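This report concerns only the one structure given below.
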Amino acid sequence: MQQTFYKYQGTGNDFVMIDNRQQTFNKKDTKRVAFLCDRRFGIGADGLILLENHPDLDFKMVYYNADGNESTMCGNGGRCLVAFAKDLGVIKDKAVFEAIDGLHHAEIKDGIVKLQMLDVENVEEYDKHVFLNTGSPHHVQFEEQIEDFDIKSKGSQIRYGAPYNQAGTNVNFVKKINEDTFRVRTYERGVEDETLSCGTGVTAVAIAMHTLKQTNNTLINLNVEGGKLQVCFDAENKLYKNVWLIGPATYVFKGTI
Ligand SMILES: N[C@H](CCC[C@H](N)C(=O)O)C(=O)O
């Protein structure tokens, strides 16, 4: 049976999107998810996202990494899902939806989506890195040679090494540009490669930079391979609330297989 698929991208983090309000997609078929995300044999994407009905909210988000496994929160995917929901007529310019990490508010205007992220209160500071969870787990460390280093090798060593091991983490490399701007490159768990942007990742970097006093700003610019994102928050003694991820979310194509 033919199925309709859409593709959206948020600063180069790209997703196969499915309107699953009729529950037609087989959510247990990890091989099919991996096939759809395969950049040679399938459509090609960093992840796959289902839009589903919710009894009380505008919709529900189900996220799968490119390896076919359901995973934790995807910030850029959440932003793309809001754009998708608007294009389908499910919402107008505001949304409240449920994802694996809880409830999210969002707004969309002129192709820019503001997505409220989890509050963060447990930022673990180590000698050479910071670890925190912004809906997905993130390891954050500085990288002086950020424009020219082997991110796949360095990233996978950290992602699979202790203490993360098989469960793993996403790995973000950061370089300070100025008081309100940071350059970020991310090795993503479940893609097992660099992605051009990672929404929960830049959220983690922004909060980590504030925690490390690399900036006193509460609106921070993050320059990623695929474009520019912003993160804003209220910070009260290492408790980060009212956290928002802001950036473009763009329709790419609609097709059937
Ligand atoms: N690969 C991540 C989920 C997607 C995160 C990323 N695409 C984002 O925009 O937050 C993980 O398994 O933890």
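The values are calculated or read from the model by the stated rules, or taken from the named source; none is laboratory data. As the structure is a prediction and not an experimental result, all values here were calculated from the model. Please note: Cβ atoms are built from the backbone with ideal geometry, for glycine as well, and neighbour counts cover all protein chains shown. Accessible surface areas use protein heavy atoms only, side chains included; no ligands, DNA or RNA. Shrake-Rupley method; radii C 1.70, N 1.55, O 1.52, S 1.80 Å.
Within segment 43-60, the set of residues being open to solvent by 10 Å² or more (accessible area, probe 1.4 Å) and either at positive phi or without any contact (Cβ under 8 Å) to a residue 12 or more places away in the chain (or both) comprises Pro55, Asp56. Among the residues of segment 99-124, the ones that are touching a residue at least 24 places away in the same chain (Cβ under 8 Å) and within 16 Å of Thr200 (Cα to Cα) come to 16 in all. Residue count for segment 192-213 under the criterion of being touching a residue at least 60 places away in the same chain (Cβ under 8 Å) and acidic (Asp, Glu): the result is 1.
With respect to being surrounded by 14 or more Cβ atoms within 10 Å (Cβ to Cβ), over 20 Å from Asn170 (Cα atoms) and hydroxyl-bearing (Ser, Thr, Tyr), Tyr63 falls outside the description. With respect to the conditions (1) of a type in the set (S, T, N, Q); (2) touching a residue at least 24 places away in the same chain (Cβ under 8 Å); (3) away from the ligand (no atom under 14 Å from the Cβ), Asn165 falls short on a single one, namely (2). Pairs meeting the criteria (first residue in segment 127-149 and touching a residue at least 24 places away in the same chain (Cβ under 8 Å), second residue among the small types (Gly, Ala, Ser) and surrounded by fewer than 22 Cβ atoms within 10 Å (Cβ to Cβ), beta carbons under 9 Å, at least 6 apart or on different chains) are Gly135/Gly102; Ser136/Ser71; Pro137/Ala167; Pro137/Gly168. If you check Tyr160, Tyr187 for being aromatic (Phe, Trp, Tyr), over 20 Å from Gly12 (Cα atoms) and outside the structural domain of Cys37 (by TED's automatic domain parsing), only one passes: Tyr160.
One residue stands out among those in segment 56-74 that are away from the ligand (no atom under 12 Å from the Cβ) and assigned to a strand (DSSP E or B): the one that is farthest from the chain's Cα centre (by Cα), which is Phe59. Being of a type outside the set (A, V, I, L, M), in contact with a Gly (Cβ under 9 Å, 6 or more places away or on another chain) and open to solvent by 10 Å² or more (accessible area, probe 1.4 Å) is not true of Pro163.
Touching an Asp or Glu at 6+ places or on another chain (Cβ under 8 Å) and assigned by TED's automatic domain parsing to the domain that holds Tyr240: is that true of Val130 in this structure? Criteria met by Val130. Just one residue in the set Lys213, Lys175 is assigned to a loop (DSSP other than H, G, I, E, B) and either within 16 Å of the ligand (Cβ to nearest atom) or not polar (S, T, N, Q) (or both); that residue is Lys213. With respect to the conditions (1) within 13 Å of the ligand (Cβ to nearest atom); (2) more than 13 Å from the chain's Cα centre (by Cα); (3) buried (at least 16 other Cβ atoms within 10 Å of the Cβ), Val140 falls short on a single one, namely (1).
Is it true that some residue in segment 108-115 is within 14 Å of the ligand (Cβ to nearest atom) and under 19 Å from Asn13 (Cα atoms)? Yes, because at least one residue in segment 108-115 is within 14 Å of the ligand (Cβ to nearest atom) and under 19 Å from Asn13 (Cα atoms).
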